[in-house]
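Report on one structure; see the data block that follows.
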Amino acid sequence: MMNKKRLRRRQRGEGKEATETKPVWVGLMGGGYKPLAEADLAQIYETALAVLAEIGLAEPIPALLEVVLPRGCVLGENGRLCFPRSLVEAAIAHSPKQIIYHAPNPNNDQVLDGNTMLFGTSGEGVTILDYKTRRYRPSTLLDLYDAGRLVDQLEHIHTFGQPFIASEFSHDLLTHDINVAYAELAATNKPFHMGLGTAAHVDRIIAMFDLFAGGKGEFVKRPFCSFGGCPIVSPLTFARDSLEVMMRCAELGITYDVAVAAQAGATAPAALAGCLVQTFAETLACLTVTYLINPQAPMLFGMWPFISDLRTGAFTGGGAEQTLVMAATAQLCAHYGLVSSVASGMTDANMPDGQAGFEKGISTVVAALAGGNSISPYPGAVGSLMGSSLEAFLIDNEMMGMVMRVVRGIEVDESTLSFAVIRETVNGPGHYLGNPQTIDLMKSEFLYPTLADRRDTTTWEEAGSPTIYERAHRRVRTMLRDYYPAYIAPELDRQIRAQFDIRLPMEMMRVGNGRW
């Protein structure tokens with residue numbers, strides 16, 4: 001049997017040198033934390049299938065019915081579309097067991113399968129927390145470009161999903177979507193994602209990506225951007241526009257990042273088990289539709305049960321219940337072989353403070369340990385997903401590194417048990433500081449913070465007693481002032497701008513523009 005060290009290297013796809021010099025890496029395996037018993041998993045599964053077969057979903061659109069009714073789905077007299085158990089189980093059985101997040105640079109492609117995990121941004125919030133004023137303002141296209149440039153430099157954020165909207169174009173969705181796609185393409189060479197609410201925009205954006213990729217049809221061969229949305233309005237109702245986007249992605253065979261977000265106590269049962277049942281059923285409906293359109297089409301299983309503060313009815317992302325249902329979701333998906341998308345880090349704090357720290361940290365480490373695949377710890381997000389802080393991107397990146405180190409765990413073998421090292425040291429110098437093992441493991445066993453402060457109190461006071469928020473702000477200014485990647489060649493950029501209504505000024509995409 002392959003030993004643990006060789007297995008980890010194979011999972012990483014990296015060589016010996018990288019293994020020995022890095023304490024964490026993309027593709028670590030979670031799945032050790034299991035909040036649900038085996039019997040619980042079975043009961044949730046059986047109840048979800050019963051919901052689909054006996055209750056069904058409301059407001060199926062004609063284009064959907066044309067596909068699913070001939071395959072065995074049933075439209076009831078009440079207009080609700082029911083899914084027979086056999087169809088749902090076929091969709092589960094044939095769902096892709098591996099999803100590749102392609103990147104503009106193939107060296108940055110990411111593979112999701114089994115219990116491997118990676119971290120990415122997510123959101124579509126609407127405001128930015130301004131560091132100087134401590135007030136929120138509408139997010140802009142330039143903010144999105146800046147966030148992409150930040151993430152491109154942050155080691156522990158592996159994919160870039162649109163964290164907020166370009167609010168200046170909220171009245172013109174085509175202009176908004178084209179410019180979001182362009183800004184992400186220009187800002188990062190990592191796999192990226194964007195939300196789309198209109199199917200008519202899919203082919204227009206792909207046309208721009210084809211131009212970048214070298215010709216018509218090239219993007220679909222290596223789709224370095226995935227589209228996402230919520231095809232369900234809970235409880236158990238199809239959302240026409242997002243459903244059409246999902247169906248178009250299925251036709252093209254490109255990954256759709258579904259996000260089904262029933263809210264316990266508001267749009268799902270207050271009982272957490274019932275919330276899991278309904279959200280599982282709703283997400284399985286999306287999987288089955290995708291399967292019936294194109295059995296080869298990958299769909300990331302984004303079952304995202306949310307929580308209400310029942311005192312007000314408002315969404316709350318930072319509580320223990322949110323952490324628990326997302327961990328249960330990760331376990332449920334892993335148990336049934338579904339490549340999962342899991343949310344964490346949805347703090348209710350309005351700035352990157354202690355509350356944000358414990359809410360983000362606890363929910364993210366639990367989601368990772370429970371076996372989530374594509375985990376969105378909402379880097380940068382504050383204010384119950386309504387806002388973002390550029391400084392928080394850096395803070396959350398460091399937190400995610402710590403989470404990955406916890407997930408990696410402790411490797412036990414003859415070498416790490418250290419018997420000979422202990423004997424040599426106690427009979428010799430009496431400390432391990434200069435031991436060859438200590439030096440060898442300094443970079444591979446231990447993860448060191450680059451933003452968190454480990455200085456003694458006197459040194460910290462002499463430096464002006466800075467908070468992590470202040471340190472992050474200084475780092476953000478430096479990173480955004482000096483880093484303007486040229487991922488789109490100048491001639492290609494001119495062609496894109498000639499064919500598409502790009503509103504991101506070229507003069508703001510180079511060093512010395514005065515913004516930072």
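The values are calculated or read from the model by the stated rules, or taken from the named source; none is laboratory data. Given the structure is predicted, the values throughout are model-derived calculations rather than measurements. Because the Cβ atoms are built from the backbone with ideal geometry, glycine has one as well, and the counts that use them run over all protein chains shown.
Could you check how many residues of the range 248-266 are closer than 22 Å to VAL289 by Cα and not in a helix (DSSP H, G or I)?
Within the range 248-266, the first condition is being closer than 22 Å to VAL289 by Cα, and the residues that meet it are 248-262.
Still in the list and also not in a helix (DSSP H, G or I): 253-262.
Qualifying residue count, the range 248-266: 10.
Across the range 71-81, which residue is surrounded by the fewest Cβ atoms within 10 Å (Cβ to Cβ) among those that are part of a loop (DSSP other than H, G, I, E, B) and not hydrophobic (A, V, I, L, M, F, W, C)? Show your work before the answer.
First, pick out the residues of the range 71-81 that are part of a loop (DSSP other than H, G, I, E, B): 72-73, 76-80.
Now restrict to residues that are not hydrophobic (A, V, I, L, M, F, W, C): 72, 76-80.
Values: GLY72: 13, GLY76: 12, GLU77: 5, ASN78: 8, GLY79: 11, ARG80: 17.
Residue satisfying both the conditions and the ranking: GLU77.
Residues that are part of a helix (DSSP H, G or I) and surrounded by 15 or more Cβ atoms within 10 Å (Cβ to Cβ) within the range 82-112 comprise LEU87, VAL88, GLU89, ALA90, ALA91, ILE92, ASN108, listed in sequence order. Residues of the range 26-70 that are over 24 Å from ALA250 (Cβ atoms), assigned to a helix (DSSP H, G or I) and of a type in the set (Ser, Thr, Tyr): THR47 alone.
The set of residues in the range 413-444 being touching a residue at least 12 places away in the same chain (Cβ under 8 Å) and either over 23 Å from TRP25 (Cα atoms) or in contact with a His (Cβ under 6 Å, 6 or more places away or on another chain) (or both) consists of SER418, VAL421, ASN435. Could you check the range 305-316 and list, in sequence order, the residues that are buried (at least 24 other Cβ atoms within 10 Å of the Cβ) and either aliphatic (A, V, I, L, M) or in a loop (DSSP other than H, G, I, E, B) (or both)? Result: PRO305, ILE307.
Assess whether ASP130 counts as being surrounded by fewer than 18 Cβ atoms within 10 Å (Cβ to Cβ), under 30 Å from TYR336 (Cα atoms) and at pLDDT 95 or above. Criteria not met by ASP130.
There is at least one residue in the range 124-144 that is within 15 Å of the chain's Cα centre (by Cα) and in contact (Cβ under 8 Å) with a residue 60 or more places away in the chain. Close contacts from the range 81-99, counting a first residue that is at pLDDT 95 or above and a second that is β-branched (Val, Ile, Thr) and assigned to a helix (DSSP H, G or I), with Cβ to Cβ under 6 Å and a gap of 6+ residues or different chains, come to PHE83/THR288; LEU87/THR288; VAL88/THR288; ALA91/THR288.
When the range 269-281 is filtered for residues that are under 23 Å from the mean Cα position of the chain (by Cα) and either aromatic (Phe, Trp, Tyr) or not in a helix (DSSP H, G or I) (or both), only PHE280 remains.
Condition check ((1) in contact with a Gly (Cβ under 7 Å, 6 or more places away or on another chain); (2) surrounded by 14 or more Cβ atoms within 10 Å (Cβ to Cβ); (3) of a type in the set (A, V, I, L, M, F, W, C); (4) at pLDDT below 95) across all residues:
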| residue | (1), (2), (3), (4) |
| --- | --- |
| GLY372 | yes, yes, no, no |
| ALA392 | yes, yes, yes, no |
| GLY401 | no, yes, no, no |
| ARG405 | no, yes, no, no |
| SER418 | no, yes, no, no |
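Only one of the numbered conditions (1) surrounded by fewer than 23 Cβ atoms within 10 Å (Cβ to Cβ); (2) within 23 Å of ALA187 (Cβ to Cβ) is not met by ALA270, and that is (2).
Restricting attention to the range 113-120, does a residue exist that is among the small types (Gly, Ala, Ser) and either buried (at least 16 other Cβ atoms within 10 Å of the Cβ) or closer than 22 Å to TYR256 by Cβ (or both)? Yes: one or more hits. Return yes when ASP113 is in contact with a strand residue (DSSP E or B) (Cβ under 6 Å, 6 or more places away or on another chain) and in contact (Cβ under 8 Å) with a residue 12 or more places away in the chain and no when it is not. Yes.
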